[in-house]
Amino acid sequence: MRKSRGFDGEQFIEIPKVGLSSCRKLPLIQGLHITHIGFYPKALHHYYQRPRGIHSVIVIYCSDGKGWLQIENHKVNIRAGEIFVIPADTPHSYGADAKNPWSIYWVHVGGSLCMEIGKAIMRDSWERYEAIYAGFSEERTELFKQMVMTLRKGYSTSNLTFANLTLSYYLSTFINPEHFGQQSNNTQKMNTADKAIVYMQQHLSETVTLENIAGSVNLSVSFFSRKFKEDTGYTPIAYFNYLRIQKACQLLHFSDLRINEVASQIGIDDPFYFSRLFKHQMGVSPITYRRSRETL
């Protein structure tokens, strides 16, 4: 026997049409809002099949046990601590493992930005159909509870606004999970850009080439450069220089190092080049920036 609903301790909320209509009219939340939300603990026999998909993005976070998901021709296994986002209008089916059924927090997300949030969460795995490890976080669980409790109070403008602004924060815990739980040192779960950025941060005081950065993630320069820009919007060297100048800002603000010493601290031997790079990014020279700290 398989069932789609009915689990001890379950939570389920479907936003009524009048509530969804309000969400679509409220500027702060019209781009991203909840259509359905719930929690299914130890969901034995949980199963859904949607041959045509649905118009919302489906976010499934597994907090315990395991389950599976079939999307197009891909079978995805989902374990505790992992998340998967199903794109809108995509045929799929999913269910709990028969021996160790999953507990899942799930939300259907509508609005013009729902696909963008899905891509932001899944990153490299959006087109590969792989679950993403997001770890565990009490703060994340509390955010989910806040959304549910708020919506149970009704669908006033204030309740809808609060719940859906909380949704954005909740989803951000999956976009940047190292700030929400146990993933801070788990570089194996980072995507290519994340690993490269860690390498950059560890070598800010050195002369780093594009070949060095690509080599740190074991990719060719051409493939890495293209992938990094897709993920971040920057070329690798431009991003590295951004990190350098941010470090320089800290040194200028909190130390008494001379300008050439600050440049040396971020691996730049030419103070004139450093000044040009700094002004290009910050809009003022290093000297002017340092003087401004007196007014902050």
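The values are calculated or read from the model by the stated rules, or taken from the named source; none is laboratory data. Keep in mind that what you see is a predicted model, and the values were worked out from it rather than measured. Virtual Cβ from ideal backbone geometry, glycine too; neighbours counted across all protein chains shown.
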Review point. Do we find that Lys99 is surrounded by fewer than 20 Cβ atoms within 10 Å (Cβ to Cβ), out of contact with any Gly (no Cβ under 8 Å at 6 or more places or on another chain), free of Cβ contacts under 8 Å to residues at least 24 places away in the same chain and in a strand (DSSP E or B) in this structure?
Key: no
Exercise for review: Go through (1) more than 27 Å from Gly154 (Cα to Cα); (2) surrounded by fewer than 20 Cβ atoms within 10 Å (Cβ to Cβ) one by one and return the number of the condition Ile83 breaks.
Suggested key: (2)
Review point. From the list Gly31, Gly111, Gly53, which residue is on the phi > 0 side of the Ramachandran plot and touching a Ser or Thr at 6+ places or on another chain (Cβ under 6 Å)?
Key: Gly53
Check your understanding: Going through region 27-80 one residue at a time, which ones are assigned to a loop (DSSP other than H, G, I, E, B), touching a strand residue (DSSP E or B) at 6+ places or on another chain (Cβ under 6 Å) and either closer than 17 Å to Ile13 by Cβ or modelled with pLDDT of 95 or more (or both)?
Key -> Pro41, Ala43, Ser56, Gly65, Ala80
Revision key, fill the gap. Among helices (runs of 4 or more DSSP H) entirely inside region 188-272, those with 3 or more residues being touching a residue at least 40 places away in the same chain (Cβ under 8 Å) and within 26 Å of the chain's Cα centre (by Cα) are 192-202, 236-254
**Study point:** From Glu72, Glu116, residue being under 16 Å from the mean Cα position of the chain (by Cα) and assigned by TED's automatic domain parsing to the domain that holds Ser21
**Key:** Glu116
Check your understanding: Of all residues in region 102-111, which are hydrophobic (A, V, I, L, M, F, W, C) and either in contact with a Leu (Cβ under 9 Å, 6 or more places away or on another chain) or not in a strand (DSSP E or B) (or both)?
Key -> Trp102, Val107, Val109
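Being closer than 29 Å to Phe274 by Cβ, crowded, with 19+ Cβ neighbours inside 10 Å and either polar (S, T, N, Q) or modelled with pLDDT of 90 or more (or both) is the requirement here; does Phe174 meet it?
Numbers: closer than 29 Å to Phe274 by Cβ: no; crowded, with 19+ Cβ neighbours inside 10 Å: yes; either polar (S, T, N, Q) or modelled with pLDDT of 90 or more (or both): yes.
The answer is no for Phe174.
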